[in-house]
Amino acid sequence: MEQIVQQEKEMIEHLSDRKTLMPVRELAKGITYTEPLMTGWKPPLHVRRMSRKDRDLIRKQWHIIVDGEDIPPPIKNFKDMKFPDPILKKLKAKGIVQPTPIQVQGLPVILSGRDMIGIAFTGSGKTLVFVLPLIMIALQEEMMMPILPGEGPFGLIVCPSRELARQTYEVVEQFLVPMRENGYPELRPLLCIGGVDMRSQLDVVKKGVHIVVATPGRLKDMLAKKKMNLDNCRYLTLDEADRLVDLGFEDDIREVFDHFKAQRQTLLFSATMPTKIQNFARSALVKPVTVNVGRAGAANLDVIQEVEYVKQEAKIVYLLECLQKTPPPVLIFCENKADVDDIHEYLLLKGVEAVAIHGGKDQEEREYAISSFKAGKKDVLVATDVASKGLDFPDIQHVINYDMPAEIENYVHRIGRTGRCGKTGIATTFINKNQSETTLLDLKHLLQEAKQRIPPVLAELSDPMEDVDAITNASGVKGCAYCGGLGHRIRDCPKLEHQKSMAIANSRRDYFGSGGYRGEI
Ligand code: AMP
């Protein structure tokens, strides 16, 4: 067993070898920051005076797990967070009256200027956790020293997909408008993504921009071409950090880091936080506070998880029956594009108001599908994981997994689209012989953790994790250190295998000289 623990340790270390996230300039000069940045923000006195026991009690009640030094206290209402009036009013107008768990703890941490690792997924209310403090910082900086034409942002949010970037940008705008209308200085946001004419983006930069929401490719381009700089930037959020890494954006992000000229507040949000990303984060963050409402989250989710054995050829017909379980809106996920197209066509034939997105569709089709589904004009959205990552669809009643994703993280992401904000949702997952045993075991463990019914096919699986408790105790790592799956250890990780074969394929492609398309740029 010692051998296994040692072997795992080596695998984990090997993974984090090149994951240092620091600007070259700082590395070269040996600069390391040891103290968090200061902001002018402080919690109200009655919150500061709260005893440690009371703080812990609130965290327990809200299922918030924290880790770190000198953790700022949780705050149970927006007013005590001292947001300007127009922001408080806008929150109320949006029906946001009570903070969600990630907001209760995440907002005080970030408003205090601390670096943070947020473990939360779409639907937890995480966007506001990094957007609102950034608006406060931009406001504070603008009031001290107004931005001049051509000057770069005070804060930067990096997202793994154009859709997610656009959605986040819209949230930023929603709060900036009422501020401007109420006499606060104008704060200019910029959406910096591919697929949009760079000239229109440059026009905004020319005026001077306060907040940038970007995808890594276009951002890197603009910085490299010196169209924009990060000289004033003191706030960085990496949203969906796990996706950013999975989609191969690490090197782009490292290049973006090279443009920082001074210490920044760094925030990293991720739905799952495998050890490799934690290591990656540690090099970039200063005394970070970890706020976790996510992974333990799979168990906390208000989602009834139903797993059904459906033969491959029976799936599409059974799908129609499944759609009857709840009223719309319903999200259907599949692993590959061809299935998305087939299902979409079939549903249209059956008279279902359905739209579809996958990576093979052009930007316009994707935007139409998302906006009509969001607006409630369409009842069903059929999607691949990649195309729908991080998108926020309110009030999804039912998530149907037409297939079980090979990686359990994707399953957690998918089902997290329903059961939001205290409402109960349903997730139905089709499984059959096409799934690997590792995947099914991960699913079984997850269902157990979330106290869900285990279908007989899963219950019957023999579990090779007999020694698991012993290994967990000896290594301190529960489940797989790479992907977080509980049904296997890192040496059997399907995701790691997949990444390795992708890396080999990519190096081959490089060797033969044809550049490959790499994710969303
Ligand atoms: P997010 O996890 O940031 O993608 O947010 C998911 C959805 O929850 C968005 O539509 C938000 O407007 C909404 N939301 C965020 N915070 C709250 C809150 N405290 N109460 C109710 N809804 C919220």
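The values are calculated or read from the model by the stated rules, or taken from the named source; none is laboratory data. Keep in mind it's a predicted model, so treat the numbers as computed, not measured. Using ideal geometry, Cβ is built from the backbone for each residue, glycine included, and neighbour counts are taken over all protein chains shown.
The table below lists the values:
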| quantity | calculated |
| --- | --- |
| Odd one out for Thr290, checked against (1) assigned to a strand (DSSP E or B); (2) of a type in the set (Val, Ile, Thr); (3) buried (at least 23 other Cβ atoms within 10 Å of the Cβ) | (3) |
| Failed condition for Val104, given (1) in contact with a helix residue (DSSP H, G or I) (Cβ under 6 Å, 6 or more places away or on another chain); (2) within 10 Å of the ligand (Cβ to nearest atom); (3) at pLDDT 95 or above | (1) |
| Conditions (1) closer than 29 Å to Ile490 by Cβ; (2) surrounded by fewer than 16 Cβ atoms within 10 Å (Cβ to Cβ): number failed by His46 | (1) |
| Residue check, Leu391 surrounded by 23 or more Cβ atoms within 10 Å (Cβ to Cβ) and either within 17 Å of Gln305 (Cβ to Cβ) or under 24 Å from the mean Cα position of the chain (by Cα) (or both) | no |
| Qualifying position, being within 13 Å of the ligand (Cβ to nearest atom), part of a helix (DSSP H, G or I), of a type outside the set (Phe, Trp, Tyr) and out of contact with any Leu (no Cβ under 7 Å at 6 or more places or on another chain), among Glu170, Glu163 | Glu170 |
| Residues of the range 366-407 that turn out to be over 29 Å from Ile119 (Cβ atoms), among the acidic types (Asp, Glu) and within 16 Å of the ligand (Cβ to nearest atom), as a count | 0 |
| Filter result (assigned to a loop (DSSP other than H, G, I, E, B) and either touching a residue at least 12 places away in the same chain (Cβ under 8 Å) or within 26 Å of Val286 (Cβ to Cβ) (or both)) within the range 38-52 | Met38, Thr39, Gly40, Trp41, Lys42, Pro43, Pro44, Met50 |
| Selection count, the range 398-452, where residues are among the aromatic types (Phe, Trp, Tyr) and in contact (Cβ under 8 Å) with a residue 60 or more places away in the chain | 2 |
| Residues located in the range 223-252, provided they are buried (at least 21 other Cβ atoms within 10 Å of the Cβ) and of a type in the set (A, V, I, L, M) | Met228, Leu230, Leu236, Leu238, Ala241, Leu244 |
| Some residue of the range 107-127 being within 13 Å of the ligand (Cβ to nearest atom), within 15 Å of Phe175 (Cα to Cα), at pLDDT below 95 and of a type in the set (Lys, Arg) | no |
| Residue that is modelled with the highest pLDDT, among those in the range 349-367 that are part of a helix (DSSP H, G or I) and surrounded by fewer than 15 Cβ atoms within 10 Å (Cβ to Cβ) | Leu349 |
| Hits in the range 173-197 - residues which are part of a helix (DSSP H, G or I), surrounded by 14 or more Cβ atoms within 10 Å (Cβ to Cβ) and hydrophobic (A, V, I, L, M, F, W, C) | Phe175, Leu176, Met179 |
